Ligand code: SF4
Ligand code: SF4
């Protein structure tokens, strides 16, 4: 029987210090022994997706900083990185290194917040790359890998798990399979020149008869959004110079997202795009020595669409947690299974579930994205990148005094700072007694009057109960919810 790859997981729920998500991510870093892949002074790339301008469901800086801190603790020299993009849409905010830095800083990914430099891995214009041969590739036989990844000694591939309009799902494979490629690497895996134009797989699907020509409000955006100047729109409608087009998606996005029907994708395109992405991801991994890459992902804010979309919609399902593995295919397999097994969240793109006979456990992205997401996994198995057989190792942090203190800003209670400060000047005592009315004259509020040992106000208040603490022996035992004596302990 094939070996199962371990995928460490800790959930997004938290009831005390040790269960905060950054703390759990740090725990997983050590549970997976990622500190051991880092040697002293290794240049360690932490690959993230910085997200588009106006995108709000992206990773938060502190979730990345948590890993930066442990890479440093392991002796490495971390840098956080992402790559420039092709103009996926007319207002893309990451087509150059400077625009991408502006976008990243707006999301809070500053060197101050991260605790290390932020690097655009393929350079200012996205042409700093290294060609890597991928003879094992299912579709691609080469990849153009961002130079900063090639030159790094080790990598933590730190993904945000969510959906994607082209690849259905975007997690660990996509974070390097698209996000680790230079501009020409991205164009290459977009498959524009794969097949003849009439095949309509590697080319935008065009319905010129549906174009409203210059009467369309967006016709100028359609033309100006094309970096190859390959589009002409006149009274007769839309014309694409297929020899010039490199499949950046911009005209398709303008047409689709403005509710028009002239430009689109053939459904056959999407599975092949996933396969190409897995081949390109393998290209990135081939630039590292064995055992020098760890994969992690935060499955929170699970938007049906990717961080490359310049808006966010309502999440597909509740937050799941953080994952870690040495095998990116295994990690993404586990995340996808967990997403499918989670309840559907209401609203947004999830209206697609209404009226369908979807049952929890079935493929969610197939419903919201129209294409099943696991082609990228099977391609990743076929090209030898990894396995879909995983063993999920669930991590529950111990709730002890030592572990509570472990990942705090300082390990001693911060009250000790105040205790010391106030030996010099007793700030509280200076003001005491505080001015207030005598207790006997306190205001009488009818709802707050004691009623058989309870008050109406307290009855409505949420109470932490023992059942909310999933770990045994945690904290104090509490009695039934809502009983005022809980507050007296
Ligand atoms: S958005 Fe669509 S309909 Fe409008 S001009 Fe462009 S291709 Fe034509
Ligand atoms: S014609 Fe091709 S290159 Fe131009 S915007 Fe459309 S997809 Fe991009």
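Just so it is clear, none of the values below were taken in a lab; they were calculated from the coordinates. Everything quoted here is computed from the prediction, not taken from an experiment. Don't worry about glycine lacking a Cβ; one is built from the backbone with ideal geometry, like all the others, and counts go over all protein chains shown.
In table form, for the structure just shown:
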quantity	calculated
Cα gyration tensor, region 7-101 - rounded (a/c under 1.5), prolate or oblate	oblate
245, 334 arranged by Cβ crowding within 10 Å, fewest neighbours leading	245, 334
Acute angle (nearest 10 degrees) that the helix 269-285 long axis makes with the longest principal axis of the chain, alpha-carbon atoms	70 degrees
Net lengthening on full extension, residue 403/residue 133 (0.36 nm per residue, minus Cα-Cα)	92.6 nm
Among 93-102, 206-215, 129-138, the order from most to least packed when residues are scored by Cβ within 10 Å on average	93-102, 129-138, 206-215
The chain - mean residue ellipticity at 222 nm from DSSP helices (-39,500 (n - 2.57) per run, n ≥ 4, rounded to 500)	-8000 deg cm²/dmol
Cα-based Rg of the chain normalised by 2.2 N^0.38 Å, two decimals	1.14
Gain in span if fully extended, residue 415 to residue 268, counting 0.36 nm per residue against the direct Cα distance	46.8 nm
Pair residue 151, residue 77: separation of 7 Å Cα→Cβ label points (nm)	1.1 nm
With Cα atoms, 0 to 90° folded angle of helix 97-106 axis to the chain main axis	20 degrees
Rotationally averaged projected area of region 344-396 (alpha carbon convex hull; nm²)	5.6 nm²
More than 20 Å apart - percent of Cα-Cα pairs taken over region 271-390	46 percent
Added length on full extension, which subtracts the Cα-Cα distance from 0.36 nm per residue, residue 112 to residue 13	32.9 nm
Inter-site label distance for residue 437 and residue 425 at 7 Å from Cα along Cβ, in nm	3.4 nm
Percent RCO, i.e. relative contact order, over region 205-264, from Cα pairs under 8 Å lying at least 6 residues apart	42 percent
Using alpha-carbon coordinates, inclination of helix 21-31 to the longest axis of the chain, degrees	70 degrees
Cα gyration tensor, region 205-264 - rounded (a/c under 1.5), prolate or oblate	rounded
